[in-house]
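Reading through the structure tokens given below for one structure.
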Amino acid sequence: MSAFHWRCSATCGHARAGMLKTAHGDVPTPTFMPVGTAGTVKAMTMDSVRSTGAGIVLGNTYHLMLRPGADRVAALGGLHKMMDWPGPILTDSGGFQVMSLGALRKLDQDGVTFQSHIDGSKHRLTPEISTQIQHKLDATITMAFDECPALPATPENLRKSMELSMRWAARSREAFVQRDGYGQFGIVQGGTERDLREYSVRALADIGFEGYAIGGLAVGEGQALMFETLDYTAPLLPPDRARYLMGVGTPDDLLGAVERGVDMFDCVMPTRAGRTARAYTERGTLNLRNARHANDTRPLSPDCDCLACARHSRAYLHHLFRADEILGPMLLTWHNLAYYQRLMRTIRAAIIADDLPETARALRAGWASEDWTPDEMPYPDLS
């Protein structure tokens, strides 16, 4: 079995197309990882996730350690077997979720003590414990345990948080069990302070990881400031390692981050939107609860072959949400994930063809335009 690695195959400006080689299969990049927080992508079977073209999914240490428990997952054959996903799995370390607990957690230099949001029981996470749990889950990619401060924050608080995260990164690396085809990513922190981001990159590169994540963004700073931070952070990262922007985002966020050199993404946005009647398309976002869809026999998108588009009309999807039928969230989640994967394939092909600027202009023009007219998208027979 070969070692875990990422290899670049083409560039266009700062954008990169490559291949991530892992013990559980190869993943073309840029890639979007559907979020399977608790061992399932909400409202989806793993067969339906596979049908969208997804090559890697995400799980979460915090949620899985609470329920069903890391030891139980290990006894059930690991996360791959338990959730029917033999492909690569990246597990978030739990740091972001623990830090989101507010008064339910207590931070110290060694780690975090917190109360479960489920039953109030007390638990402890340290860099070592988080890494050990991810090992029991059999994560293909283990994330270093870090602190993710909320923005806005003072530069001094950001510095203290970043330095703590760097100490935790070194301890996470010490606890990581090296195996062929498995990797661990360090997480760059520092808010939107350039000097702190630069310090964090240097510290993580000195430790040495198989890949590097950019954390602490998409937490309220706005897209312009996020892109500005990526402009100076991404070029500092080792060029021969995968780059992962955590928790991002909208289609436009993904495109902008790829243009700045990012390879990997995850976000709950497409699945959460699907459960709330919002569909992502080449012509922007549609709200299927709107009455204008009640008699519309067209599919959501003429370019999509997901089950929602291939077999059902907008009118039917509108009816499902108005009737609170569970099939509505299932079909729209399927569609959104299929759209995100198709978007990633389009961007990757444009990088390889050295045509990303033109493709990016066309994508953004489509998102800013109105819904398809009947002349552009006839009403097909969906019977």
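Rule-based calculations on the coordinates, nothing more; no lab input. None of these values were measured; they are calculated from a predicted model. When we count neighbours, we look across all protein chains shown, and the Cβ atoms used for this are built from the backbone with ideal geometry, even at glycine.
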Under the classification rounded if a/c is under 1.5, otherwise prolate if a/b is larger than b/c and oblate if not, where does the range 278-368 fall, given a ≥ b ≥ c as square roots of the Cα gyration tensor eigenvalues?
prolate
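First check a/c for the range 97-204, with a ≥ b ≥ c the square roots of the eigenvalues of its C-alpha gyration tensor; if it is under 1.5, answer rounded, and if not, answer prolate when a/b is larger than b/c or oblate otherwise.
Taking the square roots of the gyration eigenvalues as a ≥ b ≥ c, the range 97-204 is oblate.
Run through the DSSP bridge list for the range 1-63 and note the antiparallel percent, rounded to the nearest 5. Working shown, then result.
Values: 12 of 13 bridges.
Of the beta bridges lying entirely in the range 1-63, close to 90 percent run antiparallel.
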Just add up the charged neighbours of Leu286: K/R +1, D/E -1, any other residue whose Cβ is under 9 Å from the Cβ of Leu286.
+2
HN-Hα J couplings of the range 131-136 from phi, Karplus 6.51/-1.76/1.60, θ = phi - 60°, integer Hz, Gly and Pro as x?
5, 5, 5, 5, 5, 5
Result for the chain, cysteines with no Cys Cβ partner under 4.7 Å, is Cys8, Cys12, Cys148, Cys267, Cys306
Any aspartates and glutamates whose Cα falls less than 12 Å from that of Lys136, other than same-chain ones fewer than 8 residues away, would be Asp71
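Taking R0 as 45 Å, what's the FRET efficiency between Met377 and Ala74 from their Cβ-Cβ distance, rounded to 0.05?
Values: r = 49 Å, r/R0 = 1.10.
E(calc), rounded to 0.05, equals 0.35.
Given a cut-off of under 8 Å on Cα pairs at least six residues apart, what relative contact order in percent is computed for the chain? Intermediate values should be presented prior to the final figure.
Working: 759 pairs, mean separation 66.8, N = 383.
Relative contact order here is 17 percent.
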Using helices alone, what [θ] at 222 nm do you get for the chain, with -39,500 (n - 2.57) per DSSP H run of 4 or more residues, divided over all residues and rounded to the nearest 500?
-12000 deg cm²/dmol
So in the chain, what percent of DSSP beta bridges are antiparallel if you round to the nearest 5?
50 percent
Determine the distance separating the Cα centre of the range 255-330 from the Cα centre of the range 81-150; give it in Å without decimals.
31 Å
Just to compare against my own numbers: the Cα pair-distance distribution for the chain, 20 Å bins, whole % per bin, please.
28, 58, 14, 0
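Label the range 177-280 by shape, choosing from rounded, prolate and oblate, from the square roots a ≥ b ≥ c of the eigenvalues of the Cα gyration tensor; if a/c is under 1.5 it is rounded, and otherwise prolate applies when a/b is larger than b/c, oblate when it is not. Kindly include the intermediate steps, with their values, before the conclusion.
Working: a/c = 2.23, a/b = 1.39, b/c = 1.61.
Here the range 177-280 falls in the oblate category.
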